[in-house]
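Student: Before we start, here is the structure in question, set down as structure tokens.
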Amino acid sequence: MSRYGRTLAGTAAKIGLLVLLYSLTRLIFLGCYLTHFPEADFSHFLAGMRFDLSAIAYINLPWIVLLLLPFPLFQRKGWQIGCNIFFVAANSVALLANCIDTAYFPYVSKRLTADIFSYLGHAGFDFRLLLPLFLKQFWWLAILWAAMTALLAWCAMRLRRYSEKAEPETGFRLKKAALRTGGYAAALLIALTMMRGGWQLRPVAVVSAGEYATPQYMPLVLNSPFTLLRTIGKETIPPFNWFPDLDAAEQCYSPLHTAYAPPATAHPPVKNVVIIVLEGVSQELFAFYHPDEPDYPQYCPFLDSIAAHSWAFNGIANGRRTMEGIPAIVCGIPTLMEHAYIETPFVQNKICSPVELLRRSGFRTCFFHGAENGSMNFESFCHAIGYQDYFGLDQYPNPEDHDGSWGIPDRSFLRFMACKLHEMRQPFFATVMTLSSHHPFKVPDDADGRTFRKGSHPMHTVSGYTDFALQEFFRQLSQEPWYDSTLFIITADHAYEGSDAFTRNPYGNFLIPILFYHPAADTAFYNQDFMQQTDLMPSLFAYLALQRPMCCFGQNIFEPKHIPVAFNRHSGVYQLFYRRTLLQYDGDNVVGFYLLENDRMLKHNLKEENRPEQDTALRQLQGILQSYSGRMRNNQLTPP
């Protein structure tokens, strides 16, 4: 075999090795998250090879083009070594992305996409602080990556030496030149086919994984290099044209609010409002949300007692990250795009901020977060939307209390917040974002040796600590003369992935608490209809009888004609929770339709039945998406 022929054979062998390594990382990924993919089978691996080959071709196209140039000059040792260095470097980075995703997946429930770069840019210090913790927990992934990189380098060296054993070609021979040119053209054609994922009308995309798997299983079919490459430079949100114009789209769902019907149930007067946003706390941690299970463990006994005396709702998160949850809660702006709203150019849009409306109505507005100032750009965002005061690590008097991971532990920081509220003029609107119930799930030192109930996941224990911190916080506030005229809204930024399959599917993965607690109220109920994070502000305005127009992608849940809906994205697929159903839509086709009342595990996909309620839900979701896209792109986030 000629030297060029051996180089072609070596190229094919290297591609084959990469396919094996991608499959290995997928197998390890599955092994780490078996409870997330309880029904995974070999078909997911076969389907995944299509996306593996596409990513491999994208990454290695420059190497293939340069290595296989059909001229003897380019078969020399120096050129070949240079090409092999590129091969090892580029593919080691790609394999690193797969390894990183194995550690990062539980926090977003999707493969890495291009938004990770803006996230690190906005919260780089968090990455710097947490990197040692992740390396400590996932040290074996670093070893695996180093071993795979070493294997690539060894194989590249061995295959180069194999090619060099053939005699170099000298002179010009038409037949051999034609063979080299034909081999080169064939290699490029194969690479192009791999990149496109075949010769169908459109190249394979992230959403194409929906052909082989439900949204829950799409991350198993995909790989991280592919999702990163396919989302770089993509539009934040595309224009939609299912309806002739914005007015027609908003006949289905309008974000414009001009008046708010009051709650049907009477409540005591309200002077102050405190919103408590719990880090990663889902309904799974509440015995209250499991009334049919009398022996359900109480991981958060204090919050359970609060829920029992609250107006409680079946909460749905609008996103999977804190950066998505905060804008949804305090501005009514969900993330129906690849990037979080505060990471996009749309954050420059003029908005009618509910926080600013409260400030204009006389409330002193303040935001508390025990992380470093600037964390996730919250401080800048909060000031931009009308918070007058921001209290973070810089304002905390004892920075040595830092927990070594995220910031000031909840118990210490909530004490600090209580002192600040004691000094604050009334009425006030205060928001706090807790932080201790998060990886690395370590009970902080300020627990003073207390122990908390253990469960099947470390989140169970650390959430008990946050529950204890809140109990002390409420005890401290109960001494204030204004306590009985304060409304407390308790919710979460997003849900966490628990240890059972339900909390990892596209339904259970978004269930959060939403509680309206008034200490002086003598009524309590549990409304099992869906209430999403973006519903909080219009519902709060109704509770306060505050008639201020706003543009907000939520509803007043106290409106008598209110139809419960919630929407979010899961693995690149839009989801609409409509009444007691779940519709999943990729922008072109319905990929899932489930009746949640009898199918909470999403076992029975009824999309092929084309039920009337599916058509109704689809029309509703299309109206929401066209309204959201049109208003975002055209800077129309204020009422007329």
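The values are calculated or read from the model by the stated rules, or taken from the named source; none is laboratory data. Since the structure is predicted, the reported quantities are computational estimates derived from the model, not experimental observations. Glycine gets a Cβ as well: all are built from the backbone with ideal geometry, and neighbour counts include every protein chain shown. Areas reflect the complete protein model, heavy atoms only, side chains present, ligands, DNA and RNA absent. Shrake-Rupley method; radii C 1.70, N 1.55, O 1.52, S 1.80 Å.
Student: Once ligands and nucleic acids are excluded and a 1.4 Å probe is used, how much of residue 192 is accessible, expressed in Å² to the nearest 10?
Tutor: Rounded to the nearest 10, that gives 70 Å².
Student: Ok, one more. If I model a spin label as a point 7 Å beyond the Cα along the Cα-Cβ vector, how far apart are those points for residue 34 and residue 394 in nm?
Tutor: Output for this residue pair reads 4.8 nm.
Student: Once both labels are modelled 7 Å past Cα along the beta-carbon direction, what's the residue 175-residue 293 spacing in nm?
Tutor: Result: 7.5 nm between the two label points.
Student: Then there is this: State the extension gain, in nm to one decimal, for the chain segment bounded by residue 158 and residue 596, taking 0.36 nm per residue of separation less the distance between their alpha-carbons.
Tutor: Values: separation 438, 0.36 × 438 = 157.68 nm, distance 5.61 nm.
My answer for the length gained is 152.1 nm.
Student: Using the beta-carbon distance between residue 267 and residue 422 and R0 = 25 Å, what value does 1/(1 + (r/R0)^6) give for FRET efficiency, to the nearest 0.05? Don't skip to the end; give the middle numbers.
Tutor: Values: r = 24 Å, r/R0 = 0.98.
That gives a FRET efficiency of 0.55.
Student: Given a 1.4 Å probe, how much area per residue of segment 430-514 is accessible, in Å²?
Tutor: Values: 2650 Å² over 85 residues.
Averaged over the residues of segment 430-514, the accessible area is 31 Å².
Student: Per-residue counts of other Cβ atoms within 10 Å, averaged by peptide: what ranking do you get for 606-615, 283-292, 589-598, highest first? Working shown, then result.
Tutor: Working: 606-615: 12.7, 283-292: 19.1, 589-598: 17.2.
Taking the mean over residues of other Cβ atoms within 10 Å, the ranking is 283-292, 589-598, 606-615.
Student: Between residue 135 and residue 192, what is 0.36 nm times their sequence separation minus the Cα-Cα distance? Round to one decimal in nm.
Tutor: On the way: separation 57, 0.36 × 57 = 20.52 nm, distance 3.70 nm.
Extra length from residue 135 to residue 192 when fully extended: 16.8 nm.
Student: Could you tell me what percent of the DSSP beta bridges with both partners in the chain are antiparallel, to the nearest 5? Walk me through the intermediate numbers first.
Tutor: On the way: 28 of 56 bridges.
Within the chain, antiparallel bridges account for around 50 percent of the total.
Student: Shifting gears a bit: Rounded to the nearest 500 deg cm²/dmol, what is the calculated helix-only ellipticity per residue at 222 nm for the chain, with -39500 (n - 2.57) per DSSP H run of length n ≥ 4? Before the final figure, lay out the partial values.
Tutor: On the way: 18 runs with 271 residues, N = 640.
The helix contribution divided over the chain gives -14000 deg cm²/dmol.
Student: What residues qualify as long-range amide H neighbours of residue 371, i.e. H under 5 Å apart, gap of 5 or more or another chain, H built at 1.01 Å from N?
Tutor: 393, 408
Student: Would you mind working out the accessible area per residue for segment 1-83, using a 1.4 Å probe, and quoting it in Å²? Please list the in-between numbers first.
Tutor: Values: 3450 Å² over 83 residues.
It amounts to 42 Å² per residue over segment 1-83.
Student: Taking all protein chains in place and a 1.4 Å probe, what share, in percent, of the accessible surface of segment 360-412 do carbon and sulfur account for?
Tutor: Values: 750 of 1850 Å².
Of the solvent-accessible surface of segment 360-412, carbon and sulfur hold 41 percent.
Student: In Å², what does the accessible area per residue of segment 248-381 work out to with a 1.4 Å probe? List each step's numbers first, then the result.
Tutor: Values: 4150 Å² over 134 residues.
I get 31 Å² per residue for this part.
Student: How much of the calculated P(r) for the chain lies past 49 Å, in percent of all Cα pairs? List each step's numbers first, then the result.
Tutor: On the way: 39044 of 204480 pairs.
Result for the distance tail: 19 percent.
Student: Another question, if that's okay. Ignoring ligands, DNA and RNA, please state the percent of accessible area on segment 251-340 from carbon and sulfur, probe 1.4 Å. Could you put the intermediate results ahead of the total?
Tutor: Numbers: 1470 of 2730 Å².
Ligands and nucleic acids excluded, carbon and sulfur give 54 percent.
Student: Ignoring everything but the protein chains, give the 1.4 Å probe accessible area of residue 176 in square angstrom, nearest 10.
Tutor: Per-residue accessible area (residue 176): approximately 90 Å².
Student: Also, I was wondering about something else. Show which lysines lie in cross-link reach of residue 14 when reach means a straight Cα distance below 25 angstrom and same-chain residues fewer than eight apart are skipped.
Tutor: Filter leaves 77, 165, 176.
Student: Given H placed 1.01 Å from N in the peptide plane, which residues other than close sequence neighbours of residue 526 have an amide H under 5 Å from its amide H?
Tutor: Hits under the 5 Å cutoff: 312.
Student: On full extension of the chain, what length is gained from residue 580 through residue 150, given 0.36 nm per residue of separation minus the C-alpha to C-alpha distance? Can you show the working numbers first?
Tutor: On the way: separation 430, 0.36 × 430 = 154.80 nm, distance 5.22 nm.
Contour length minus Cα-Cα distance gives 149.6 nm.
Student: I'd like the Karplus ³J(HN,Hα) series for segment 610-627: coefficients 6.51, -1.76, 1.60, θ = phi - 60°, whole numbers in Hz, and an x wherever there's a Gly or Pro.
Tutor: So the Karplus estimates, Gly and Pro as x, are 6, 5, x, 5, 5, 5, 5, 5, 4, 4, 4, 5, 4, x, 4, 5, 5, 5 Hz.
Student: Moving to a separate point now. Once the Cβ-Cβ distance between residue 254 and residue 309 is put in as r, and R0 is 30 Å, what FRET efficiency do you end up with, to the nearest 0.05? Mind dumping the intermediate values first?
Tutor: On the way: r = 34 Å, r/R0 = 1.13.
The computed FRET efficiency comes out at 0.30.
Student: Which of the three applies to segment 536-589, rounded, prolate or oblate, going by the alpha-carbon gyration tensor with a ≥ b ≥ c and a/c under 1.5 meaning rounded?
Tutor: On the way: a/c = 3.50, a/b = 2.18, b/c = 1.61.
Note, shape of segment 536-589 comes out prolate.
Student: Same structure again: Could you name the aspartates and glutamates whose alpha carbon sits less than 19 Å from that of residue 271, not counting residues in the same chain fewer than 8 places away?
Tutor: Cα-Cα hits under 19 Å: 356, 389, 423, 480, 484, 522.
Student: Take each of the peptides 242-251, 196-205, 500-509, average the number of other beta-carbon atoms within 10 Å over its residues, and list them starting from the highest.
Tutor: Numbers: 242-251: 14.3, 196-205: 12.6, 500-509: 20.1.
Going from most to least packed, we get 500-509, 242-251, 196-205.
Student: While we're here: Answer with one residue from 528, 547, 518: the one whose Cα lies farthest towards the positive end of the charge dipole of segment 500-567, charges on Cβ with Lys, Arg +1 and Asp, Glu -1.
Tutor: Most positive-ward Cα: 547.
Student: I would also like to ask the following. Between segment 392-433 and segment 15-83, what is the C-alpha centre distance in whole Å?
Tutor: So the separation of the two Cα centres works out to 49 Å.
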